[in-house]
Structure formats: C-alpha cells, structure tokens
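These notes concern the structure reproduced below.
The values are calculated or read from the model by the stated rules, or taken from the named source; none is laboratory data. Keep in mind that this is a model prediction, so the values were computed, not measured. Neighbour counts are summed over all protein chains in view; Cβ atoms, including those assigned to glycine, are modelled from backbone coordinates with ideal geometry. For accessibility, only protein heavy atoms count, side chains too; no ligands or nucleic acids. Shrake-Rupley method; radii C 1.70, N 1.55, O 1.52, S 1.80 Å.
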Amino acid sequence: MTQGADKSTGRRTVLGAAVLGTAAAAVTGLPGTAAAQGGADRGQREPAHGHGSYRGLPVPTVIAHRGASGYRPEHTIGSYQLALDMGAHVVEQDLVPTKDGHLVCRHENDITGTTDVADHPEFASRRTTKTVDGTKLTGWFTEDFTLAELKTLRAKERIPGTRQENTVYDGRWEVPTFVEVLEWAEREGRRRGRPVWLHVETKHPTYFRSIGLGLEERLAKLLRRYGRHHRNSPVFLQSFEPTSIQRLSKLVSSPRVVLFGGAKDRPWDFVQSGDPRTYGDLATPAGLKWIASYAQGIGPTLDLIIPRKADGTLGAPTTLVRDAHAKGLIVHPYTMRNENAFLPADFRRGTDATAYGDAFGALKVWFEQGIDGIFSDNPDTALLAREDFVGKNGKTGK
C-alpha cells in the first residue's frame, strides 16, 4: 500500500493551512533582543548583536529535523524553506565535507540514497567501499567529490517506500552548501524581521579529521564570517562526539549540544580513544555535570527519556530531563515522525506502517516530560501539538 492510500494530500494540506494560520503566534516568542544566558558557557562578555539568548526561544521549541523532511527531500533549501514557512522555531542542518573542503548539508557522507549520483555514468568509478565509524558501507561519498562535481547532482527522497509523496520533488534541488544555508537564513531573517535559528551537526568528525578534513575549524570560520559565533547567536552546534563539541567550545561561543545515541552505545571518538563510557554513562548526573562544563544542552534519543518496552509501547519515564535541568542543561530530544513505523506502539493506528498514527498524542506525552524542545520531521504537527499543550497548561511558551 502506498503512503497516500491512507493519508490523502487533502489531510496534509489541512494540517499545513492550520499551522500557517497560527504561525505568527507560534514564532512571536523568537527573540530579537538579548536575554539572560543561563547554563554553562565560556564566560566571555560578548554583545548580543540583537539575536537574544537561546533561553528566549519558545518552550517547547520545535526543531525542523533536516528541514520539513516529512514533506520534502531532506537537507534541501526546499525542505528548509517549508519548515520556516510552517513556523518552525529552529531548522536543522547536518554537515559533511567535500574533497576540496567545502561543508555541505547531507545527513551522511554516503550520498547513494539521497542524490541521483547512481544515474551519472561519469561517476560510476567513484563507487567504493569504506568503513565509517566502524560500519562498512558501499556507495558514493562526499569526500570523493569536489564541490563543482557535487553540484551536478540533484537531491532525492531518502525513504521513498515510506514517503512516496515526497518523490515528486526528486531532482528539484541541489545539495546545498552551508554557506548557501547561512545566506538563505540571513535573507529570510531580514525579510521576517527576526533571526532564523539553525541547529548544526558535525557528522563523523573523528573520521573526517583522520582523512585531513576536520570539520570544526571549517565550521567555526564560517560562523565567524556570518557573525554566528557569539554566545547569543541564533545557532546551536551539536554532535554525537563530545570531543567535537569540546573542540568547538574553544573556537566559538555559540550554544552547544551533545547528542546521545542508545544507552549501551559509545561515542565513536570514545571508541577511538579508548574511553569506556557509553551514552548511558553520559546520561547520569556525573556525566551531565561533565557535559555542562563545555556545553549548554543535550540531544538524547527519545528512548532515553521514556524507554520502550519489549512490545514497543512506552515504559516508565527516566529522570534524565530532571537531571539535565539540575545541571543547567536544556534538553532537545529526537526524533518525532508522524508515520506509524516510527511511533511507539501505543500511538500507532491501523496496520499500514506508512500511514499517520496518533502523533498528537505522542507529542503530548513527550511535552509532559518537561523537555525544552523536540526534533520533528513534521514541524506543522509539532507546532499544533505545542499550541494545544501550552494552551491547556496555561503557559506563556517562554
């Protein structure tokens, strides 16, 4: 059964129209002036440059995961633009480098599934097998292409079996550079009269440093060029590798977030250095205290906040959110998606894995845990759920 068989275009349009009608209210909390910093920081006195602190963002903050990736191929200007138009408070980018050192927006350096590279006979010989963070992969990789070569490719939907409606946009957009995204954000910020917040991840930083394409220095240089290197700049920097965030903390003052994978998994930089700690160890009060010494937040998988039981339903919440807040850290968990395949069993509806389940019910449960924000592939749904939650609880959203 196709995705559209149970979820019509009309339903999607109604959702989009509803949130666009309330978008102005949803984004009024976005800051335009400086606010108290809060949390751990480098302690430098720097001008706010009119951006305001991340503490001034609406709570819970809706972060568009790879843009509005539930509706457009991820990490395209089209996906970012739709997310912003829907009213998302923050838009996410993942960064990987090209052969000639440019930072581009892809979830992975393996571009086999997110571009039309396989349709380019001139690049057939570039197909290769590599081991990235301990995983063996065969395909095409950004670090084997110059930016000029990469710009001849077009983006496409990563999971067409689940999001078949998104494939109509295959080939419409290029792979964007981070410079292009920064310039897009500046244009949109001027047009809207408020800063456009970004949430920027360094992908596989230890791997890229090992092949001479370190990410942090390149990223810091661009942040400085575009004035997003201050503690009140409208950007979050994130990574699954704590040492990447530590390195960035010495280069810029922008707010920083350490991402957490599964409790039993180890950050790849820890694997390489022999550090025995797991993400579960980092989620303890001692681990959170260490993170607070160089970062302002954490981005855990949702399962670290409410684990799933063997049958796929939600279990009892952990103390992670409370423990993180006790250390002055904000909590931005990932990722909410509308499709049954991604939802806890409690909120699935019907047997079609690609159909929408009770995303509003699931979002309500996550918001009740006191999280500061959430990554969502469907920012319109998350914004409507947020308005329901804020209104019911009599909160101001600040």
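Figures for the structure shown
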{"read-out": "Of the criteria (1) open to solvent by less than 10 Å² (accessible area, probe 1.4 Å); (2) assigned to a helix (DSSP H, G or I); (3) touching a residue at least 24 places away in the same chain (Cβ under 8 Å), which one residue 287 fails", "value": "(3)"}
{"read-out": "Boolean, residue 275 is over 24 Å from residue 62 (Cα atoms), without any contact (Cβ under 8 Å) to a residue 12 or more places away in the chain, open to solvent by 30 Å² or more (accessible area, probe 1.4 Å) and not polar (S, T, N, Q)", "value": "yes"}
{"read-out": "Cross-chain or 6+ apart pairs with Cβ under 9 Å, segment 376-398 first and under 16 Å from residue 70 (Cα atoms) and modelled with pLDDT of 95 or more, then assigned to a loop (DSSP other than H, G, I, E, B) and among the polar types (S, T, N, Q)", "value": "376/335; 376/338; 377/69; 377/335; 377/338; 378/69; 378/338; 381/338"}
{"read-out": "Out of 188, 180, sole residue that is acidic (Asp, Glu), touching a helix residue (DSSP H, G or I) at 6+ places or on another chain (Cβ under 8 Å) and under 20 Å from residue 86 (Cβ atoms)", "value": "188"}
{"read-out": "Cross-chain or 6+ apart pairs with Cβ under 7 Å, segment 237-264 first and touching a residue at least 24 places away in the same chain (Cβ under 8 Å), then of a type in the set (S, T, N, Q) and open to solvent by 10 Å² or more (accessible area, probe 1.4 Å)", "value": "241/206; 253/44; 256/249; 260/301; 261/301; 262/301; 263/278"}
{"read-out": "Subset of segment 302-316 that is open to solvent by 30 Å² or more (accessible area, probe 1.4 Å) and within 23 Å of the chain's Cα centre (by Cα) - its residue that is nearest to residue 346 (Cα to Cα)", "value": "308"}
{"read-out": "Search result, residues across segment 322-344 that are more than 21 Å from residue 64 (Cα to Cα) and open to solvent by 10 Å² or more (accessible area, probe 1.4 Å)", "value": "322, 323, 325, 326, 327, 328"}
{"read-out": "Members of segment 290-317 found to be in contact (Cβ under 8 Å) with a residue 12 or more places away in the chain, charged (D, E, K, R) and farther than 20 Å from residue 239 by Cβ, listed by number", "value": "308, 311"}
{"read-out": "Segment 354-392 - residue that is touching a Phe, Trp or Tyr at 6+ places or on another chain (Cβ under 7 Å) and among the aromatic types (Phe, Trp, Tyr) and, of those, most open to solvent (accessible area, probe 1.4 Å)", "value": "389"}
{"read-out": "Qualifying helices (runs of 4 or more DSSP H) (wholly inside segment 143-254; at least 2 residues being open to solvent by 60 Å² or more (accessible area, probe 1.4 Å) and out of contact with any Cys (no Cβ under 8 Å at 6 or more places or on another chain))", "value": "178-192, 205-210, 216-225"}
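Per-residue answers, yes or no, for (1) in contact with a strand residue (DSSP E or B) (Cβ under 7 Å, 6 or more places away or on another chain); (2) farther than 21 Å from residue 91 by Cβ; (3) part of a helix (DSSP H, G or I); (4) not charged (D, E, K, R):
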site: 293; (1), (2), (3), (4): no, yes, no, yes
site: 310; (1), (2), (3), (4): no, yes, no, yes
site: 322; (1), (2), (3), (4): no, yes, yes, no
site: 346; (1), (2), (3), (4): yes, yes, yes, no
site: 349; (1), (2), (3), (4): no, yes, no, no
site: 354; (1), (2), (3), (4): yes, yes, no, yes
site: 364; (1), (2), (3), (4): no, yes, yes, no
site: 386; (1), (2), (3), (4): yes, no, yes, no
